[in-house]
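Asks: Below: one structure in C-alpha cells.
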Amino acid sequence: MNRRIRRAFVMSGVVASLLAGVVAIQLAAQMTAAAAPPPAPPVSLDSLRNSLAAEQARGAALQSQLGDLLAVTDELKAALTSTEGEVTVDGLTAKQLRERLKAADAKLKTVNRLLKEAQRRLVAVGAAPVRTPKPASGGAGSGGGGSTSSTPAPAPTAAPKTFSLSLDLASGGVRASWTTCSASSFDSYALVRSTDSEIHYPPEDGDTLVARIANHATTSTTDAAPSGSSWFQLYCLTSSGGETKTAARTTTVKINVP
C-alpha cells in the first residue's frame, strides 16, 4: 500500500472521530438540559415582603389564641381551687355546728333531768311551809308579854330508792341490773348502749337500743356487747295521753368487754 492511500485512511478516521465527538457532545447537552429543573419564575421584592407580613400576622393571631386558652385554663384552675376550699370550709363548719348542737342538747337534757329529780325529791320529802306562830291568849294589852307557841312541822318521809344501774360480765356478754322505777304511769324500761359516754333516747349516732322491757318487775337483762369499751344507760319511760316520756334515767355506766 502506498503512502497516499494510508494518508487517505488516516484522514478518514480523523474526520469520523471528530464527527462522532460532535454527535456525542450534542447528545450530552440535550440530556443535561432535559434533566435540569425548570427555571424558577422571577420573584419580586414586594411579593416577598407581603408573604413575610402575612406569616407574621398569622403567627401573632396564633399567639393571641394561645394566650386566651392559657387565661381560660388559669381561670378554671382558680375556680376549682376556690370551690374545693369552700367545700372544705363548709364541711368543717357543719361538723362543728353538729357537735355544738349535740353538746347543747346533752346539757339541756341534763338540766331537765336534774330539775325533775329535784322536783320528785321535794314531792317525796313532803316539805311544808313554815307556819307563823300565833300569840298566846294573854294578849299584848296586859302588863307582861305573853308566851308564844309554834306548831311543829311534820317529820319528812323517807326518800324513795334511787334509780340506778349496775353492770357485770356474764357468759352471754354484759349483764345489766337495776333498781325498780317508782314513777307513776310506768310504760317500760329502755336500756341503751353507746360507743361513747354521751347517750340519748331515742337512740342517736353511736347509740344502740339493747332492750325495751314492759314488765315493771323485770330488773335485769343480758346484752351481747362487742369487745372494747361500752357505755350503758337505763331509761324509765312513762305513758300518758298516748305520749311516751322519760320519767327517770340512771347515770352512765362504763364497762370493758374483753
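Values quoted throughout were computed directly from the atomic coordinates according to the rules given, and no laboratory measurement underlies them. Everything numeric in this text was worked out from a predicted model, so none of it was measured. Positions of Cβ are generated from backbone atoms using ideal geometry, with glycine treated the same way; all protein chains shown enter the neighbour counts.
Asks: Under 5 Å between amide hydrogens, which residues at least 5 positions from Ala170 or on another chain qualify, with H placed 1.01 Å from N in the peptide plane?
Replies: Answer set, sorted by chain and number: Arg175.
Asks: Rank the residues Phe163, Phe9 as a footprinting-exposure proxy: fewest other Cβ atoms within 10 Å of their Cβ go first.
Replies: Taking fewest neighbouring Cβ atoms as first place, the list is Phe9, Phe163.
Asks: Now a separate question. Quick one: which residues, 5+ away or cross-chain, put their amide H under 5 Å from the amide H of Ala211? H built at 1.01 Å from N.
Replies: Answer set, sorted by chain and number: Leu191.
Asks: Name the long-range amide H neighbours of Thr179: under 5 Å, sequence gap of 5 or more, or other chain; modelled H, no Pro or chain starts.
Replies: Correct list: Ser164.
Asks: Further question on the same structure: Which value, in debye to the nearest 20, describes the size of the charge dipole of region 165-257 about its Cα centre when Lys and Arg Cβ atoms bear +1, Asp and Glu Cβ atoms bear -1, and nothing else is charged?
Replies: 260
Asks: Using the 10 angstrom Cβ neighbour count as an exposure proxy, how do Ile25, Ile255, Ile199 rank, fewest first?
Replies: Ile25, Ile255, Ile199
Asks: Continuing with the same structure: Each residue of region 236-245 in order: what ³J(HN,Hα) in whole Hz does its phi give by Karplus 6.51 cos²θ - 1.76 cosθ + 1.60, θ = phi - 60°, with x for Gly and Pro?
Replies: 3J(HN,Hα) across region 236-245, in whole Hz: 9, 9, 10, 10, 8, x, x, 10, 9, 10.
Asks: Further question on the same structure: Using θ = phi - 60° and the Karplus relation 6.51 cos²θ - 1.76 cosθ + 1.60, list the HN-Hα couplings for region 97-109 in order, rounded to whole Hz, with x at every Gly or Pro.
Replies: Calculated HN-Hα couplings, in order: 5, 4, 5, 5, 5, 5, 5, 5, 5, 4, 5, 5, 5 Hz.
Asks: Please list 3J(HN,Hα) in residue order for region 178-189, calculated via the Karplus relation 6.51 cos²θ - 1.76 cosθ + 1.60 where θ = phi - 60°; whole Hz, with x for glycine and proline.
Replies: 8, 8, 6, 8, 8, 5, 6, 6, 4, 10, 5, 9
Asks: Using alpha-carbon pairs under 8 Å, 6+ residues apart, how would you state the relative contact order of region 158-258 in percent?
Replies: The normalised contact order for region 158-258 reaches 33 percent.
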